[in-house]
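First up is the structure itself, then whatever we jot down about it.
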Amino acid sequence: MIAHAGGTDESLAIVMLFAAIWTGWIGWTRLHDNGFPRVPIAGAYGLLAIAAVLVVTSAFVPRALLGPKTSRTATRPASTATIAFLQPHEHEHVSGSEMNVVLNLEGGTIVQTTTTSIAPNTGHVHLLLDGALVSMTYGTEQVLDLSDVPAGPHVLTAEFVAADHLPFAPPVMTSVDFVKVTAS
């Protein structure tokens, strides 16, 4: 959550939860005479009360302090890049446990560095199989593992995203249908 999609408010909430756990642990330990002998019993109850307040407010205070969350897509840059599948072909029948995926990216540059300093035509590619993210790749060719994919029709989607892992506005994506068949 913190590394990709989380923002400052999510990070602050996590810090508050860890503070609540730590504070509550000290109070609980003291009440059961397992440590912290310098903390008075009344102080232990106070620490437990503080922990409870931290847990409850971690869901509300970060957003209140930081203001309302703005829509990430409202301020997203547009990209003139286009992406298309060269392999697999539409409605292709695929057998085996691997599939070669080859993309054609025009007007965009793939970068390996994740950054919040984004540019409209630099980023990398996310591959989704039936709507679930299966790969974040820094190239236009890769071998996709299909060993756990059941036989039948599937949809493979490629999305060229900005260097911060979030989509451009509008998204730069393409999809292809394929059918996994069992080897005979």
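For the chain, modelled as a Gaussian network with Cα springs under 10 Å, which listed residue fluctuates most, 139, 131, 108?
Result: 131 has the largest fluctuation of those listed.
Suppose R0 equals 41 Å; then what is the FRET efficiency for residue 45 and residue 174 from their Cβ-Cβ distance, rounded to the nearest 0.05? List each step's numbers first, then the result.
Numbers: r = 60 Å, r/R0 = 1.47.
E between residue 45 and residue 174, to the nearest 0.05, is 0.10.
Find, among the GluC sites (Glu not before Pro) in region 88-184, those assigned to loop by DSSP (not H, G, I, E, B) with at most 10 other beta-carbon atoms within 10 angstrom. Before the final figure, lay out the partial values.
Details: sites: 90, 92, 98, 106, 141, 159; in loops: 90.
For GluC sites (Glu not before Pro) across region 88-184 that sit outside H, G, I, E and B with at most 10 neighbouring Cβ atoms in 10 Å, the list reads 90.
Which is farthest toward the positive dipole end of the chain among 154, 181, 17, measuring Cα position about the Cα centre, with Cβ charges +1 (Lys, Arg) and -1 (Asp, Glu)?
Final value for the positive-end residue is 17.
By how many nm would the segment from residue 116 to residue 19 grow when fully extended, if each residue of separation counts as 0.36 nm and the alpha-carbon distance is taken off?
Numbers: separation 97, 0.36 × 97 = 34.92 nm, distance 2.76 nm.
The span from residue 116 to residue 19 would gain 32.2 nm if fully extended.
Tell me the label only: which of [x] 48, 23, 12; [y] 36, 18, 16; [z] 53, 20, 9 is semi-axes √(5λ) of the Cα gyration tensor in Å as calculated from this structure?
The value matching this structure is [x].
Calculate for the chain the 222 nm mean residue ellipticity that helices alone would give, adding -39,500 (n - 2.57) per DSSP H run of length 4 or more and normalising by residue count, nearest 500 deg cm²/dmol.
-8500 deg cm²/dmol
How much FRET efficiency would the formula 1/(1 + (r/R0)^6) give for residue 145 and residue 57, where r is the Cβ-Cβ distance and R0 is 45 Å, rounded to 0.05?
On the way: r = 44 Å, r/R0 = 0.97.
The pair residue 145/residue 57 has a calculated efficiency of 0.55.
Angle check, please: helix 41-57 long axis (alpha carbons) against the longest principal axis of the chain (alpha carbons), in degrees 0 to 90, nearest 10.
Computed tilt is about 30 degrees.
Non-local amide H neighbours of residue 169 (under 5 Å, H modeled in plane, Pro and chain starts lacking H): which ones?
The answer is 78, 79.
For the Cα atoms of the chain, what angle does the longest principal axis make with the long axis of helix 8-31, in degrees from 0 to 90, nearest 10?
40 degrees
Take every Cα pair under 8 Å in region 6-58 that's 6+ residues apart, average their separations, divide by the length, and report that relative contact order as a whole percent. Let's see the in-between values first.
Numbers: 47 pairs, mean separation 24.6, N = 53.
So the answer I get is 46 percent.
For the chain, give the magnitude of the charge dipole about the Cα centre (Cβ charges: +1 Lys/Arg, -1 Asp/Glu; no others), in debye to the nearest 20. If you can, show how the numbers build up before the last one.
Numbers: 7 positive and 14 negative charges, 219 e Å.
So the magnitude is around 1060 debye.
Amide H to amide H under 5 Å from residue 180: which residues, 5+ apart in sequence or cross-chain, H placed 1.01 Å off N in plane?
94, 152, 154
Once both labels are modelled 7 Å past Cα along the beta-carbon direction, what's the residue 106-residue 31 spacing in nm?
6.8 nm
FYI, it's all coordinate maths here, none of it is from the lab. These figures come from a predicted structure and were not determined experimentally. For neighbour counting, all protein chains shown are included, and Cβ atoms are generated from backbone atoms with ideal geometry for every residue, glycine included.
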